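S.K.: Below: one structure in C-alpha cells.
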Amino acid sequence: MDKVGGAQKHVEALAIKLKQDAHEVTIVTGSYDPSLWRLQEAQIEVIRIPAMQRAIHLTKDMQALWQLRAACKKIQPDIIAAHSSKAGAIGRVAGRLLRIPTIFTAHSWSFTEGVPPKKQLMYRQLEKTVQPLTTKIITVSDYDHKLALTKGIAPAHKMQTIHNGIEHLESIMAPNRVWSEQPQLVMVARFEIPKRQDRLLEALLALRDIPWHLQFIGDGSLRLSLENYVKDKGLSERVTFLGNQLDVTTLLAESQIFVLLSDWEGLPISIIEAMRAGLPIIATDVGGVNELVTDGENGFLIPRDDENQSLLIKRLKQLLTNKTLCEKMGDASERRFLRNFTFSPMYQKTLDIYEQAISKFAKKGD
C-alpha cells in the first residue's frame, strides 16, 4: 500500500466500515505509505511484511509466507481476506497452514486478456494451484467471473461476483459544474503498466487546435518520461501532473470529461468515482469496463487496438466540442452509479460471504 490504486482503495473502505461496525480489523501489507491512507485515524492496525513485493521472487516469497504465518498466529483472525495476485496466493497458503478460512478477491486476473502470454500462463497455473486452498473467490466483474470459468480456475459454486461500490456523497458539486472555455479532462491512474497515459497525450496532440486542459492524478515510475514528453511537445501549459491525491472528489467535480485508458482492467474504481461525479467517460473496452460504461449512453468505449488512435481522437473531439452531449452522458453516469455501484450493497454482500465462510469452517470442525 505504497501506491494509490483501486484494490487499495477497496481494502481501505472495507476495513474502515468493518471497524465502524465493531469488527476487529488488521491489514497486513508489504510496502506501506501511511500518508496515502486514512487507516491511522480510523485506528486500524497495519502490519508491514518487508519480504512482500509485487514481483515473483521465490526466496522473498517464502520469507513473506512465513512472516504472514507468524503475523496471523499472533492476530488469530476468524478469516483472512486476501487481495491481489501475490498477496492472494501467499495469503491462501498461510490460511491453509493455520486452518483459517480464506476469501480471495480478484480485482483483475493476472492472466486476463492484454497481459503478455508468458505471464498469463504463469499466473493461470498459480491460480489453479492455490484455488483448492480458497474458501471463496470474489470477482469484481462479470467479465472476471466468466474468464475464471473459461480458464478452469474454479467451479462456479466457489465464485461470486460483487461489483465494486463506493460511498454516495450528497455534497458532491456535479450539479454546479461550470462549462469553461477550456474544457477540463482528467485521468486518475498510477503511472505504471497497464495504464496508458501516453495514448491520451498522443491523441490530444492531434487536437491541439481546439481548447482543452488535462489533469493527471497519480504517480509512478513512468511519470517522468511523460512529463518530458509533454515538455518536448510544447504542452506544458495544457497538461498538469498533480501526483497522488487523497481526495479526488473535488477535482472530479471541477472537470468535464473523465478518461481512463488501460491495456487491461478489472472493474476500475476510478471510473465509478467519475460516474458518481456525473462525468461522461472515455475508456478502453477491457475487462469489466463495459459493465460500467455503455457506449453512446454514459460515455464511449475505445478498443484496445484502436488503429492510429483514430476512434479515440474522434470521441475526444465529440465531447470537447459538445457541452450538451457531455451533460447528457454525465447525467447518465450519475444515475447508473446510484442504481448499481454504491458502497452499502457491496459491503453487505462481502460481509455475508465472510460470515458464511466462517460458519462453513465451523460446521466442518476446522
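S.K.: Taking the range 322-366 as the region of interest, what is the percent of Cα-Cα pairs per 10 angstrom bin, listed from the shortest bin to the one with the maximum distance?
M.R.: 23, 24, 20, 16, 10, 5, 1
S.K.: What residue among Leu224, Gln160, Ala203 has its Cα farthest toward the positive end of the dipole of the range 114-253, where the charges are +1 on Lys, Arg and -1 on Asp, Glu, each on the Cβ?
M.R.: Comparing the listed Cα positions along the dipole, Gln160 ranks first.
S.K.: While we're here: I want to verify a result. In a Gaussian network model of the chain, Cα cutoff 10 Å, which of these has the top mean-square fluctuation: Thr135, Thr249, Thr59?
M.R.: Thr59
S.K.: Any chance you could give the angle, 0 to 90 degrees and rounded to 10, that helix 343-364 forms with the longest Cα principal axis of the chain?
M.R.: That helix lies at roughly 20 degrees to the long axis.
S.K.: Over the Cα atoms of the range 238-366, what Rg and Dmax result, in angstrom?
M.R.: Expressed in Å, the Cα Rg and Dmax of the range 238-366 come to 18.2, 64.
S.K.: In square angstrom, what is the accessible area per residue of the chain with a 1.4 angstrom probe?
M.R.: 46 Å²
S.K.: So which residue, out of Leu351, Leu58, Leu267, gets the largest mean-square fluctuation from a GNM of the chain using Cα contacts under 10 Å as springs?
M.R.: Leu58
S.K.: If you bin the C-alpha pair distances of the range 279-330 every 10 Å from 0, what whole percents do you get?
M.R.: Reading upward from the zero bin: 27, 55, 18.
S.K.: What's the magnitude of the charge dipole for the chain around its Cα centre, counting Lys and Arg as +1 and Asp and Glu as -1 at the beta-carbon? Answer in Debye, nearest 20.
M.R.: Rounded to the nearest 20 debye, it is 1340 debye.
S.K.: Whenever you get a sec, compute what percent of the accessible area on the chain sits on carbon and sulfur atoms (1.4 Å probe).
M.R.: The C+S portion of the solvent-accessible surface of the chain is 50 percent.
S.K.: May I ask which of Lys195/Lys349; Lys3/Lys86; Lys9/Lys317; Lys74/Lys158 have a Cα-Cα span longer than 21 Å here?
M.R.: From the list (Lys195/Lys349; Lys3/Lys86; Lys9/Lys317; Lys74/Lys158), the Cα-Cα distance tops 21 Å for Lys195/Lys349; Lys9/Lys317; Lys74/Lys158.
S.K.: Which value results for Rg/Rh of the range 93-154 when Rg is the Cα radius of gyration and Rh the Kirkwood radius based on the inverse mean 1/r?
M.R.: Answer for the range 93-154: 0.98.
S.K.: How big is the range 240-315 by Rg and Dmax over its Cα atoms, in Å?
M.R.: Looking at the range 240-315, its Cα Rg and Dmax stand at 12.4, 35 Å.
S.K.: Just subtract the alpha-carbon distance of Lys151 and Leu207 from 0.36 nm times their residue separation and send over the number in nm, one decimal.
M.R.: Result for the pair: 16.0 nm of gain on full extension.
S.K.: List the residues, sorted by chain then number, that are 5 or more residues from Ser84 or on another chain and whose placed amide H is less than 5 Å from its amide H.
M.R.: Under 5 Å from the amide H of Ser84 lie the amide H atoms of Thr105, His107, each far enough along the sequence or on another chain.
S.K.: Using a Förster distance of 41 Å, how high is the FRET efficiency between Ala362 and Lys323, based on the Cβ-Cβ distance and rounded to 0.05?
M.R.: 0.10
S.K.: Hey, can you grab everything whose amide H is under 5 Å from the amide H of Val239? Only 5+ residues off in sequence or another chain; H modelled, so Pro and N-termini drop out.
M.R.: Residues meeting the criterion, in which the H sits 1.01 Å from N, are Leu214.
S.K.: To the nearest whole percent, what portion of all C-alpha pairs in the chain is separated by more than 33 angstrom?
M.R.: 30 percent
S.K.: Which whole-angstrom value gives the distance between the alpha carbon centres of the range 305-366 and the range 128-156?
M.R.: The range 305-366 and the range 128-156 have Cα centres spaced 20 Å from each other.
S.K.: Shifting gears a bit: When all protein chains stay in place, what accessible area (Å², nearest 10, 1.4 Å probe) is found for Lys317?
M.R.: Near enough 100 Å² of accessible area.
S.K.: Here is a further query. What angle, in degrees between 0 and 90 and rounded to the nearest 10, separates the Cα long axis of helix 223-232 from the longest principal axis of the Cα atoms of the chain?
M.R.: Taking Cα atoms only, the helix is inclined about 10 degrees.
S.K.: How much length is gained if the chain between Leu133 and Lys74 is pulled fully straight, taking 0.36 nm per residue apart and subtracting their Cα-Cα distance, in nm to one decimal?
M.R.: Roughly 19.1 nm would be gained on extension.
S.K.: How large is Rg/Rh for the range 185-228, to two decimals, with Cα atoms and a Kirkwood Rh?
M.R.: 0.97
S.K.: Quick check: net charge around Asn298, other residues with Cβ under 10 Å of its Cβ, Lys/Arg +1 and Asp/Glu -1?
M.R.: -1
S.K.: Note the angle between two axes, namely the Cα long axis of helix 310-320 and the longest principal axis of the Cα atoms of the chain, as a number of degrees from 0 to 90, rounded to the nearest 10.
M.R.: Here the helix axis deviates by roughly 70 degrees.
S.K.: A follow-up question, please. So what does Val46 come to for accessible area, using a 1.4 Å probe and Å² rounded to 10?
M.R.: Solvent-accessible area, nearest 10 Å²: 40 Å².
S.K.: Is there a quick way to get the dipole size of the range 20-150? I mean about its Cα centre, with the Cβ of Lys and Arg at +1 and of Asp and Glu at -1; what is the value in debye to the nearest 20?
M.R.: I would put it at about 620 debye.
The values are calculated or read from the model by the stated rules, or taken from the named source; none is laboratory data. None of the values given here were measured: they were computed from a predicted structure. As a convention, Cβ positions derive from the backbone with ideal geometry for all residues, glycine included, and neighbour counts pool all protein chains shown. Side chains are part of the model used for accessible areas, which takes the heavy atoms of the whole protein and leaves out ligands, DNA and RNA. Shrake-Rupley method; radii C 1.70, N 1.55, O 1.52, S 1.80 Å.
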